[in-house]
1. Between residue A:164 and residue A:236, how high is the FRET efficiency from 1/(1 + (r/R0)^6) when r is the Cβ-Cβ distance and R₀ = 30 Å? Nearest 0.05.
2. Give me the one-decimal nm value for the distance between modelled label points at residue B:216 and residue B:182, 7 Å along each residue's Cα-to-Cβ direction.
3. Residue by residue through the range A:23-29, what is 3J(HN,Hα) from phi via Karplus (6.51 cos²θ - 1.76 cosθ + 1.60, θ = phi - 60°)? Round to whole Hz and write x for glycine and proline.
4. Kirkwood hydrodynamic radius for the range A:338-496: how many Å is it when counted over pairs of different Cα atoms?
5. Multiply the residue separation of residue B:294 and residue B:263 by 0.36 nm, subtract the distance between their alpha-carbon atoms, and state the gained length in nm to one decimal.
6. Quick one: which bits of the range B:76-94 get at least 30 Å² less accessible when the partner protein chains are in, versus the chain alone, with a 1.4 Å probe?
7. Relative contact order for the range B:225-297 using alpha-carbon pairs under 8 Å, separation at least 6, rounded to a whole percent?
8. When all protein chains stay in place, what accessible area (Å², nearest 10, 1.4 Å probe) is found for residue A:387?
Amino acid sequence: MRVTLLIAWREFMENVKTKGFWIGVLLVPIVFFLIFHISSRLATATPTRYFMLIDQSGEYGGAVATAISREHQRQVMQEFMRYLQANRVDMGGAPPPQAPANQLDQLLDDFGNDEVSALDDWLSNGGLDMALQMARPYLREDAPPFTPPRRQFIAIDPPADLDTSAPPQTIVEYMRPYLNGERRLQHDGTAVPLFALILVPANVAGDVVRPDSLERLMLSDGTPSGVQYWAANLTDTRLPNAIQASLNNTIRQQEFTAQGIDIQAVRDIQRTRLPLSRLDPGKQLGEAEVSMADTFRQWAPMGFVYLIFISLMQSVQYLLSNTIEEKSNRIIEVLLASVTPGELMMGKLLGIGATGITTILAWITSFFVFLQLYQTVETAAIVQILDVLLSSDLIPYFVFYYLCCYALYAGIFLAIGSLCNTLKEAQSLIMPLIMILIVPVLTMSFVAQDPNGTMARVMSWIPLFTPFTMMNRAAAQPPMVDVVGTTIVLVLTTIAVLWLSGRIFRQGILRTGQPPRIVEVWRMLRRRRV
Amino acid sequence: MSTPVLTLENVTKRYGDFTAVDQINLSIPQGSVYGFLGPNGAGKTTTIRMILDIIRPDTGHIDVLGHRSAMDVRHRIGYLPEEKGLYKKMKVWAIISYFATLKGMSRSAARHKAFELLERYGLKDFAESSIESLSKGMGQKVQVLASIAHEPELVILDEPFSGLDPVNQEVLEQLIKDLSANGQTVIFSTHIMQHAERLCQRLLLITQGRKVFDGTVSEAHAIIPRRVVLETRGDIHSVRALDGVLSVQEQPPEDGSARANGIRQWELYVKEQADPQQILQHCFENGVSLSRFDFTQASLHDVFVHLVGKEAREHNFR
């Protein structure tokens, strides 16, 4: 045992000293941080876009302007919702709040369910000022003041020498250098690039598409119809989408009016809805409503499956490269004069296992440190989720399946490593195993959607998949027979694999030359001594 | 003589149809320096691996330090394998200390011993270097130190001299002498006869898995008759008639100049008790003027070639 621990300690220390280990430990938190940081910054960092509206019809320009101001309001509202969630007084189990709070809840709920109608409400209720006033009693005392986001789309006047009544073709030709970024426009004394040109041709009303005019749409001769949206950057779809929605809204209102339908009635009908409550049968009535944390808990096992997979992949690298180093450098012979192959194998398993666990602990620690240092709205949600996670029974599942999975696969990989003299040889031998390992990752989301379905149950009983699949199902209360049965099969298989790997390891470790053929491996498995 | 440290009885190892080691018997007394000699592929390394219980013999018995398996007494054995290698990233002192702790030494004692050995054998300045920064020869010295740091009673060195420069070969010879002086038994294999000649009390010579000689160095020398080397322009055929001379053979000249002068080199094998003075006197009396008279004992090299040369060559061409 002493010798096993010595070997494990050396393996561990040598792995910890490698660059690869530190890259592995640091990369995940850094990438996580960067993604988080950049994505939250990026939303507000989009540069101000300047657009030009030329309305020759004199009819739809208003709709476009509305669309753009609506888009801005949507931004403001989104920001405000975030602000509200972050700075709201924690109600906890307090009795149902009074009317204004109800209104606030309604607002949040509306926003979550139907953004467009919420937006309309928002605007009709006085927008931001009204909302701020309404929310004030429910904000924490230390809440920072709300700063609305700046406008992202700003209208700009056409150049003085452009004839805005010229045919669209001519206008576009004239504006092309501006749109391509070759020329800039003057706005408030500074030269700014033109992001988009919105051109409403005079005869645009004739391009309105109705259900009965589908045929005409198909016979289109390729010339642009309707409102023309010209922009070099077509990936930022917020502006054209908003314009499209607003135009359609305007057109439809005109249609309603033309057919003598009450617009307000239509609106009210459109906003009618029947809520759908998602409920968890495992809980008491009243608590049964599935919250965001519950949803997360359903999906959390997938995160754990990923964690097992990534950690296993890292350990595999160490197992193979360290065994092969000892073999190709012939260190193995000195070792085998000092320790038994069994001790050597166990030492390696423990040492590299400890490396893997250290990596995971380092990730978790850095995650917590990150949450401490970087408290914002999103991280507050993550903290809540973590609380749910830590109080659930997923952690013991994870620890158990992680260890079993590691022991099972590490045994196989060590045996393979002992048969090879170079990493190249080993890589061709581990290829089939990697393929097998990918299966549970590929099927992960299917299993999560139907955790007690046939596929999930069948896969659970295949020992190589058991740790992944059962981890995946852990939150869905799988039948007891599955939990106990697969655990017994898994543990027995792991013991058998380690025992057989030990045999191969003992004999393979002194081999030189080509990796053995299947027949030889079979012979090794049956032979007791070298 | 005290009880043997190592005994092999009828040890045989086969790999399929190939017999790597064939019926070897051996007994090594305590405190001796024992040489395993033999051509490449003779079975030296296989024998050593069997002694260490890394592989098992098919038949026969091995007794190491009074135990059936070397694994039972592995803390009392030190081993340097034929193919050397160390963990590349580890520090020199750390690797010596690591192997010593595997052999049962405490961490602090092992560390202390590592630095002591490095200092004594001239590697003190490299103690903190990593193995990969060392030259091959230095790495090999480190590995030798790693195999003896736990002060084993039995040290087995497989080809310890290969790859070392002459200076370091001497350092290693000194190290083996130190071990022997300390009462430790040393077995080493080599095919460089000079080392065996200088260091060993006893020799084992094997070829194609079979033992062809086992005895002291002087016994080995006695296998080949003593010889006298003569260089002369004269006719020395009359020497043949002398009592004590077994054979006379002309040798190819060692360099071209001798032949150009008409000087020819002769090799005379003489009986063990013959007096070389007699040959010298005979030449003098018969007016044969000698440019060289060399009375030498056959070297171990000659013994080696004599015993295994033919087979070894055949083996190589197979």
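1. That gives a FRET efficiency of 0.75.
2. Once both label points are built, they end up 2.7 nm from each other.
3. Values per residue, Gly and Pro as x: 4, x, 5, 8, 4, 4, x Hz.
4. 17.9 Å is the Kirkwood radius here.
5. Here the answer is 9.7 nm.
6. The answer is B:79, B:81, B:83, B:85, B:87, B:88, B:90.
7. Relative contact order here is 52 percent.
8. Answer for residue A:387: close to 90 Å² accessible.
The values are calculated or read from the model by the stated rules, or taken from the named source; none is laboratory data. Since this is a predicted model, take the numbers as computed values, not measurements. All Cβ positions, glycine included, derive from the backbone under ideal geometry; neighbour counts span all protein chains shown. Accessible surface is based on the protein model in full, side chains and every heavy atom, while ligands, DNA and RNA are left aside. Shrake-Rupley method; radii C 1.70, N 1.55, O 1.52, S 1.80 Å.
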